[in-house]
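Encoded as structure tokens, the structure appears first; notes follow it.
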Amino acid sequence: MRILHTADWHIGKIVNEFSMLEDQEAVLHALVDRVKELDVDVLIMAGDLYDRAIPPKEAVTLANDIFNRLIREAGIPVLAIAGNHDSNERLEYGSELLAGSQLYIEGTVKKDIRKVTIGEVNFYLLPFADHVTIRQLLEDDEIKDLQDATRKQIESIKEAIDPDEVNILIAHGYIVNGAKDSVEASDSERPLSIGTAEYVDVNLFDDFDYVALGHLHKAQKVKTDRVRYSGSPLKYSKSEVRHKKQHVLLDITKDDFNFEMIEVKPERDMKVLKGTFDELMQDESDDYIFFELEDQNYVMDAMNQLRRRYPYAMGLEYTAQKERQKSSQAAKQEAIEKRSLLDLFDDFYSKFKQNPLDDNQKEAIHETWEQALKGEK
């Protein structure tokens, strides 16, 4: 079976006040054209169809157009799950009816993980949900974080899985190979969990022939080529300018596995340009641009002037000023670390009371501090 794995479309996203909808429309229609050229059998969309829970009407219209083309023109089944940006219930609306047209959308997490069999391949759809939701659903107080929640979900799948068949998991989350730095994240990815671990260990997925992941915006593998993020089809932050945006195309049977990366070529790229203001004003571009100015002093109305030659300028920072601020902050931190806590408290008191501590107050603070240290010991 030939499968195209994509994710993180984030339809309706706005980056630095620029709507990405026109760019998304171009790359997603190009994706449908590629699907038809490559004779794809199934398309996977692994979460974050939209950029927010209540997407603008233009975003919903575009998603509808793309799904219509995939189902009717390309004639292939589509499997999609909710990501952490999507509204689970809204995404799932009408899903039972849509399944009759081979558009399988799983928005809400359920006790029995949805299994869709197409040909000789089983697809397990695991939409995103936080660990609290899963703990309540499964009535399991042992679930403390997303690792626990995912382990319980995978265990339920493994109870009925047939290892002699091709089994593919579609999931959305922060999957790592032992440590956070085993994968590369970006600034435009919203945290999955607050106050608890959001990371899930890749070894939980050893029983699957392929794991199609969404959430991280860089196309990358996690431990093996059989566990992959397709990445987002467009660059959505300055931290992604070096990403090579791609989709994953895989040919899979129980005895064979091959994949290749299908490059996405947007009409407008996103770049970082470095140089002095005068140097940058000698050029021009219709790409999305983040400027890093090397001027030692601020330039009056620099951004508006640059936008005359770079109409899609997204941001500007002065690298020399930034380095000076970092050096100044480091020097201040070093000076603070050399002072005693009592001296620092004296400064704090003086600033907010407009008067310094008198000798009796200093003695009282000193005694209190000494007692606190003794209590700690």
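When the chain is described by a simple charge dipole with +1 on each Lys and Arg Cβ and -1 on each Asp and Glu Cβ, the residue from 352, 258, 217 located farthest towards its positive end is 352. What distance in nm separates the simple spin-label points at residue 58 and residue 303, each placed 7 Å from Cα in the Cβ direction? Each label point lies 7 Å from its Cα, and together they span 2.1 nm.
Just the protein heavy atoms count here, and of the accessible area of the chain at 1.4 Å, carbon and sulfur take up 46 percent. Only one residue of 20, 107, 87 has its Cα farthest out toward the positive end of the dipole of segment 1-119, where Lys and Arg carry +1 and Asp and Glu -1 on Cβ, and that residue is 107.
A simple charge model with +1 on the Cβ of Lys and Arg, -1 on the Cβ of Asp and Glu and nothing else charged puts the dipole of segment 6-128 at about 380 debye relative to its Cα centre. For segment 86-150 versus segment 255-277, the inter-centroid distance based on Cα atoms is 31 Å.
Just give me a number: lysine pairs in segment 130-260, eight or more positions apart or cross-chain, with C-alpha atoms less than 19 Å apart. Here the count comes out as 15.
Binning the alpha carbon pair distances of the chain at 20 angstrom intervals from zero yields the distribution 24, 44, 25, 7, 0, expressed in whole percent. Beta-bridge orientation, the chain: approximately 35 percent antiparallel, per DSSP, counting only bridges with both partners inside. Evaluated with a Cβ-only charge set (Lys, Arg +1; Asp, Glu -1), segment 1-68 carries a dipole of roughly 180 debye about its Cα centre, given to the nearest 20. Solvent exposure of segment 4-135 amounts to 42 Å² per residue of accessible area, where only protein heavy atoms count and the probe is 1.4 Å. With each label modelled as a point 7 angstrom along the Cα→C-beta vector, the residue 368-residue 39 pair spans 8.0 nm. Residues whose amide H lies under 5 Å from that of residue 218, counting only those 5 or more places away or on a different chain, are 232; hydrogens are built 1.01 Å from N in the peptide plane. Rounded to the nearest 20, the size of the Cβ-charge dipole of the chain about its Cα centre is 460 debye, with Lys and Arg at +1 and Asp and Glu at -1. Against the main long axis of the alpha-carbon atoms of the chain, helix 146-158 sits at an angle near 20°. Scaled to the globular estimate 2.2 N^0.38 Å, the Cα spread of segment 1-42, given as radius of gyration, is 1.40. Determine the shape class of segment 54-185: with a ≥ b ≥ c the square roots of the Cα gyration tensor eigenvalues, call it rounded for a/c under 1.5, and otherwise prolate if a/b is greater than b/c, oblate otherwise. Prolate, since a/c reaches 1.5 and a/b exceeds b/c. Calculated [222 nm] ellipticity per residue, helices only, for the chain: -9500 deg cm²/dmol; basis is -39500 (n - 2.57) per DSSP H run with n ≥ 4, divided by all residues, nearest 500. Rounded, prolate or oblate for segment 201-240? Axes are the square roots of the Cα gyration tensor eigenvalues, ordered a ≥ b ≥ c, and the cut-off for rounded is a/c under 1.5. Prolate shape, in that a/c is at least 1.5 and a/b is the bigger ratio.
Can you tell which of 64, 121, 177 lies farthest toward the positive end of the dipole of the chain, using +1 and -1 charges on the Cβ of basic and acidic side chains (Lys, Arg; Asp, Glu)? The residue sitting most towards the positive pole is 64.
Axis of helix 21-37 versus longest Cα principal axis of the chain: the two differ by about 30°, to the nearest ten degrees. Which whole-percent values make up P(r) of segment 155-298 when all C-alpha to C-alpha distances are grouped in 5 Å steps starting at zero? Final binned percentages: 2, 8, 15, 16, 15, 13, 10, 7, 5, 3, 2, 1, 1, 0.
Label-to-label distance for residue 141 and residue 343 is 5.2 nm, based on points extended 7 Å past Cα in the beta-carbon direction.
The values are calculated or read from the model by the stated rules, or taken from the named source; none is laboratory data. Only a predicted model underlies this, so the values are computations on that prediction, with no experimental measurement involved. We place every Cβ from the backbone using ideal geometry, glycine too, and count neighbours over all the protein chains shown. Protein only, heavy atoms only, side chains kept; ligands, DNA and RNA dropped before computing areas. Shrake-Rupley method; radii C 1.70, N 1.55, O 1.52, S 1.80 Å.
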